């Protein structure tokens, strides 16, 4: 829990700097670019996150990374701060929390739709429109296929879960039968 609180503080701090400079979307793009880059070089992130290696080596690694990908000086300073304060292990959480702050600022919610088969673009847009009306925000959806739900849909957005799957309905019927209600 403490790590989440710490990550949120860093995300909020960076977000406030981004807001002041009018660069909230640009900072997100650059954080994503850095995250994607270090995914390709796992040795670098291992060194940056490890307490074993000296800070000057970590700063040298950052220098090399910054030569390969151009980042805003404020993002570079932020990444150096994470390394200096030994918080680089929180980087992914910080990025996700930054995205949540960005989404809130832009009126976006993200969710997941699980269906037994691939949905057509028209069906996806219909679901998105219903959710847009319900929440009053722009909706981005991750689509997943799970044949085990048999039919219907499951929608998850934050704490909101709408389970209209046949699998759930069968489970409810089974519970009723087991209790001897029928």
Across segment 1-46, the tally of residues that are more than 18 Å from residue 101 (Cα to Cα) and outside any helix (DSSP H, G or I) stands at 2
Of the criteria (1) out of contact with any strand residue (DSSP E or B) (no Cβ under 9 Å at 6 or more places or on another chain); (2) surrounded by 19 or more Cβ atoms within 10 Å (Cβ to Cβ); (3) modelled with pLDDT under 95, which one residue 79 fails: (3)
Taking residue 19, is it more than 25 Å from residue 106 (Cβ to Cβ) and at pLDDT 95 or above? no
Name the single residue that is modelled with the lowest pLDDT among those in segment 109-156 being surrounded by 15 or more Cβ atoms within 10 Å (Cβ to Cβ) and closer than 24 Å to residue 11 by Cβ. 135
Looking at 32, 50 in this structure, which one is surrounded by fewer than 14 Cβ atoms within 10 Å (Cβ to Cβ) and more than 23 Å from the chain's Cα centre (by Cα)? 50
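The values are calculated or read from the model by the stated rules, or taken from the named source; none is laboratory data. Worth saying up front: this structure is predicted, and the values here are computed from it rather than measured. We place every Cβ from the backbone using ideal geometry, glycine too, and count neighbours over all the protein chains shown.
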